[in-house]
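Notes to accompany the following structure.
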Amino acid sequence: MKTETSAVDIDRNKGDFFYPEAHVRDAGAGLSERTVHYISDVKEDPDWVREFRLRGLKTFLEKPLPTHWASKDLEAIDFDKIRYYLSPGTEAKRSWDEVPDDIKRTFERLGIPEQERKFLAGVEAQFDSEAVYSNIKKAVGEQGVIFVGSTEGLKNYPEIFRKWFGKVIPIADNKFSALNSAVFSGGSFIYVPPGVKVKHPLQAYFRINAENFGQFERTLIIADEGSEVTYMEGCTAPKFNTPTLHSAVVELVALKGAKIQYITVQNWASNVFNLVTKRGLAQENAEVKWIDCNIGSRLTMKYPSVIMKGRKARGEVLSIALANDGQHQDTGAKMIHAADETTSNIISKSISIGKGRATYRGLVHVPKHLKNCKNNTECDALLINATSRTDTYPAITVRGTGNAVQHEASVSQVSTDQIFYMQQRGLTEAQAMSLSVNGFVNDLVRQFPMEYSVELKRLIELEMEGSVG
Amino acid sequence: MTKNETAIFEKQAAPILSGLGETREVPGWFRDQQRAAWKQFESLPQPTRKDQAWRFANVGLLDLSPFKYGGTLTEKERVTILEQSHGLEEVAGRMIFAGDELIERDVISDQLKKRGVVFQSLERAMVEHADLFRKHFMSQPAKLGSAKFASLHQALVSSGTFLYVPRGVEIELPIEIFHWLNGENASAFPHLLLVTDELAKVTVIEHFRSVNEHVPGFACGVNDLVAGPGAKVTYVCAQNWADNVVALQMNSTTVDHDASAMSLNLHLGSRYSRFESLSRLIGEGGRSDLLAVAMAKHEQEFDARTLQDHVSPHTASDLLYKNALDDRARTIFGGLIRVEPHAHFTDAYQKVRNLLLSDDAEANSMPGLEILADNVRCTHGATSGQIDEDELFYLRTRGIPVPVAQRLIVAGFLDEVVQRLDHPVISEHLHRMIEEKFAKNRGNLLKRAR
C-alpha cells in the first residue's frame, strides 16, 4: 500500500519540523483573568462566552490536580510557563491559495490539501490557536451541514450551538475541562440537519508549532434526528525541548436515531501532555462511536465516554494504544447507561514497548431500575519487552436485575511459537514481531476506515523497529 | 451472688477512641510497638470515598465513637457462648475468644506437641516464642487501604492465636477458632499468627459470631499467615456477625517457594464488612488460591479488596469471588493482580461474579491489573447479571416451584466456590450456613415470586 492514500500522515518523523513563529496575537505566558479577557477581546466574544470563560478559569484554579489516582507526571506541567493563545491574526481561509506560504508548507508536508481533493467532505486545519484553513465541499454545504470553527459557530449560529455548548461536558467536570473552558480557541462546530447522511468524513487537523504552547481546541458536533456523520481528527507537533500541553474538550450530541462516528489518530510528539475530555450524548435509538488511536504524546489521559440517555441508545469505544519508551498512554472508556435497553461495547487493545506504560481505565455504570441494558468490555494488553508495563483499572457498577454486564481482560506476550514459526519461514525476528503485533490489533483495525487502517499498520511497524534484538 | 453471675473477667469498659488502657502484662518491646501504633492510628486520616482504596465504600459507617473496649463476662454468658460454639465435629485444636479474652482452649494432641507444634495464645507466644513472633507479627504493610485500622488493631490487640507447625508436620484435622462479640457496642480485635515451616500442612477455620442479635458492635482483625517452603496452608473464614456489626479484617499471606496457600472467606453477617486479602508470592513454584462467597441482603455491604502480589518468577494465583445480592445490599470488589518487575512466568487469574436478585441491589467491581514483567499470562473477568430465565423455566417444567428453583440456582452459583476448597467436611459446614441464611430470607423470595 502506498502512503499517499492515507488520510492523515502519522509518521512521527514527518511531523517533527517547525517554522519560525510569526504570531500577531500572543497572550503571553501564564494564566490570569487578563489572559482570558485578552482572548475574549481578540475573538470579540459575546458577553455570555466571556462569562463562561471566567467561570472556567475560577473552577480551574479551585480544582486540585487529580493526582490521588492519576500519574504524578501531571505535576511536571508548569501552568505559568505555558502560552495560552497564539494566532497569526487572520481569519481562516476558504481557499488553499490564500493560506500564508509558510503555514501552507507545513500542512503540505503533512499531506492535507491532497487528501481533501481525494475524499474528504470538508477539512479544517488548526495551527496553534486558530484555524488557518477551513473548507467544506459545496454539495455538503448545500445540504445544510454547518462545519465551522468554534469562534464562528458561537458568533454566527448561537441558536444552534449555545443550547448544547458546555452541556455534555460541564465546566467543572474536571480540572482540564475547566481550563479548556477558560481559554478554548479553535476546534470544529458541526451541525448536521435531520435526515442528512454525510457520505464522506469531515476532518480536522491540529498542529502545535510554537514552543511552550498550550492548544485548547473545543469541538461540538450535533447530529440532528436521523442524520449520520463521521469526523476524523489527526494531530502532530514538533518535538520541542520543553513540554507542550494539549487539552481539548469534545462534545457530541446524537439526537433521536442519529449516528456519530468520531475517529482520532493521536500522534503528538513524545513531550506533549495530552489531557482531553471527550463525551457523547446519545438520545433514543442514537449511536455514538469513538475510535481512538493513541500513538504519540508523553502522557495521554483520555477516556471517551457515552451517556446513553434515550431508549435503545448505543455507545461504543474502540481503542488502540501504543506506548513506547517514555510514554504513558492512560486511556479507556466510560459508559453511562441512563435508559432502558441501552447497549455499550468497549474494546481496548494496548501494546507496551520498551519502557512504555499502557493503562486502561474504565467505568461502566448501570443505575437503578433500568431494564435490558448490556455492556461488553474487552481489554487485551500485549507486552513486548521485559521492562514494559501495563495496567487495567475498570470500575463497574450494576444495580438491579435485568441487566447484563461482562468485563474481560488479558495480558500476554507475543507467542514464541509464532515467532519461531515465522523465522523458520525466513522472516527476521523484528519482522515476525511486527507481524504478530499487527495481528493482535487486526480485528480492531479492520473496523476502521481503510485509509486509517493502512496507516496504522505502517505506524506500528515503525514503532516496532529496534524493539527486539 | 450466684455462680452464674460471677464475673469471669472484669475490665473497665472504655471507649475505643479514648486510647490505650491498662491491659494485661505484655513485654516492654510490645508495649512500645503498641504506643507507636496508637500514634500512627491517630495521625492517619479517616478514609474518604475519594481514596481509591475506599471507592464506592460507605465510609460513613466507620464512626468508631460508640464502641467500647473491655467489659465484663459473667459465668452465665460464658456457658452460653461455649454451648453455641459448635462448628466442626472433629478438630485438632480449638480456641474460643469472647471479646479479646481467651475463654476456652482445646489443646492439641500430645503427639503433635511432641513433634513441635505450638498452639497457644498470642500473649504467651510473645514471651515464649519471641523470635518467631517478632519476625512475623504484622510484618506485612497494610497496603490495601486500612493502614489506619491495622494500627488501631496493633495498638489494642490483647489476645489471639499463635500456631506454629514445624518442618514436615502435617496436621490432618482442622484447627478451629471462635471469636464472639458480646454485648452492645462491644469490640474485638481478633488476631491469628500462623507460621508453617518447610513442607508443613495445616487447615484453620475461624468463626466470627455475635452473642446478641441486632446489637451494634465493632471488630477489627488482622491475620498473618506464613506458608513456608513447600508448605500447604488452608484458611477458612466463616463470618456471621450480627446484622449491626461493623467489621474490618486485614489478612496477609506470604507464600514461599513451592508452597501453596488457599483461603476461603464466607460472608453472611454484619452491616458492613470489609475484608482485605494480601497474598504475596515470594518464592518460585508458589501458588495462592483466593476464594470468597458472599450472600448479602437487607442493607448489608460487603467490601472486598484483594492484592495478588507476584514478587517472584514462576508463581501462580487464582481468585474467584462470588456475590449473591438481595434487597438493598451492596457489594464492592476491588482487586489487583500485580506482577513485579522480573516476576516472569507468572500465571495469574482473577474472576468476580455478581448475581443480582433484587432491583435495589448494587454490585461494584474493580478488577485491576498492574503488570511490570512481560513473560506472563494474566487474565481477569467480572460479570454482573441475574438468574437465567431459561434455567428457571427448566426447573419449573420439572415441577419445582419458583422460590425453590431460585434458591437452588443461587445455592448452586455459590457452591461452585465452596466446592473448590477440596475439604468436604468444611465445605458441607459452609454450605449449611448458606442454607440457614436462605431459610431466613425465604419470605422475600416468595413475595417476589407472586
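Values computed for the structure shown
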| read-out | value |
| --- | --- |
| Highest-fluctuation residue, B:G28, B:G221, B:G93 considered, GNM on chain B with Cα pairs under 10 Å | B:G28 |
| Contour minus Cα-Cα distance for A:R446 and A:D78 (0.36 nm per residue) | 128.5 nm |
| At R0 = 25 Å, FRET efficiency that the Cβ-Cβ distance of A:R55 and A:K155 yields, to 0.05 | 0.80 |
| Kirkwood hydrodynamic radius of the stretch A:153-289, from inverse mean 1/r over distinct Cα pairs, in Å | 15.5 |
| Part-to-part distance (alpha-carbon centres) for the stretch A:222-287 and the stretch B:174-229, which is given in Å | 53 |
| Candidate lysines - alpha carbon under 23 Å from A:K199, same-chain residues fewer than 8 apart omitted | A:K118, A:K137, A:K138, A:K256, A:K259, A:K289 |
| Cα-based radius of gyration of the stretch B:3-282 once divided by 2.2 N^0.38 Å, which approximates compact folds | 0.96 |
| Selection of GluC sites (Glu not before Pro), the stretch B:156-244, meeting DSSP coil and at most 13 other Cβ within 10 Å | B:E172, B:E213 |
| Average partner coverage of B:383-394, which counts Cβ from other chains inside 10 Å | 3 |
| Top of B:W54, B:W29, B:W241 by mean-square fluctuation, Gaussian network on chain B, Cα under 10 Å | B:W29 |
| B:R94, A:R425 arranged by Cβ crowding within 10 Å, fewest neighbours leading | A:R425, B:R94 |
| B:Y394-A:R34 FRET efficiency (beta carbon distance; Förster radius 56 Å; 0.05 resolution) | 0.20 |
| Amide proton proximity set for A:A204, modelled H, under 5 Å, gap of 5+ | A:E124, A:M232, A:E233, A:G234 |
| Highest-first arrangement of A:213-226, B:317-330, where packing means the average Cβ count within 10 Å | A:213-226, B:317-330 |
| Between the stretch B:288-318 and the stretch A:416-468, the alpha-carbon center distance in angstrom | 37 |
| Rough spin-label spacing in nm, given labels placed 7 Å along Cα→Cβ, for B:D415 and B:R134 | 5.2 |
| Karplus 3J(HN,Hα) series, Hz, for the stretch A:322-338 with 6.51 cos²θ - 1.76 cosθ + 1.60 (x for Gly, Pro) | 10, 10, 9, 3, x, 10, 10, 9, 9, 10, x, 6, 10, 10, 10, 8, 10 |
| Interchain or long-range residues, amide H under 5 Å from B:F178's placed H | B:M95, B:I96, B:F97, B:H207 |
| DSSP-defined beta bridges in the protein assembly as shown - what % are antiparallel, rounded to 5 | 15 |
| Distant-in-sequence amide H partners of B:Y69 (H built 1.01 Å from N, under 5 Å) | B:A14, B:I16 |
| Estimated D of the protein assembly as shown in µm² per second, where Rh is the Kirkwood radius over Cα pairs and Stokes-Einstein applies at 37 °C, 0.692 mPa s | 109 |
| Those aspartates and glutamates that a straight Cα-Cα span of less than 19 Å connects to B:K39, excepting residues fewer than 8 apart in one chain | B:E22, B:D63 |
| Net charge of Cβ neighbours under 15 Å - reference B:E90; Lys, Arg +1; Asp, Glu -1 | -4 |
| Whole-Hz ³J(HN,Hα) from phi, Karplus 6.51 cos²θ - 1.76 cosθ + 1.60, for the stretch B:135-149, glycine and proline x | 6, 10, 5, 6, 7, 8, x, 6, 8, 9, x, 9, 3, 4, 7 |
| Distance in nm between pseudo-label sites at B:A13 and A:W48 (7 Å out along the Cβ direction from Cα) | 6.3 |
| Rounded to whole Hz, the Karplus (6.51, -1.76, 1.60) HN-Hα couplings of the stretch A:264-276, x for glycine and proline | 10, 10, 9, 9, 5, 5, 7, 10, 9, 7, 10, 10, 10 |
| Ranked A:L281, A:L444, A:L54, A:L299, criterion: other C-beta atoms within 10 Å, fewest first | A:L54, A:L444, A:L299, A:L281 |
| Simple spin-label estimate for B:Q84 and A:N212 in nanometres, 7 Å along Cα-Cβ | 7.2 |
| Mean ellipticity per residue at 222 nm, deg cm²/dmol - from DSSP H runs of n ≥ 4 across the protein assembly as shown, formula -39500 (n - 2.57) | -7000 deg cm²/dmol |
| Residue mean of other protein chain beta carbons inside 10 Å, A:406-419 | 5 |
| Hits among lysines - C-alpha to C-alpha of B:K201 under 28 Å, sequence gap 8 or more where chains match | B:K113, B:K114, B:K135, B:K143, B:K232, B:K322, B:K351 |
| Number of partner chain Cβ atoms within 10 Å, mean per residue of B:347-353 | 1 |
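Since every read-out is calculated from the coordinates, none of them should be taken as a lab result. Small disclaimer: the values here were computed from a predicted structure and weren't measured. Cβ coordinates were reconstructed from backbone atoms using ideal geometry, including for glycine residues, and neighbour counts include every protein chain displayed.
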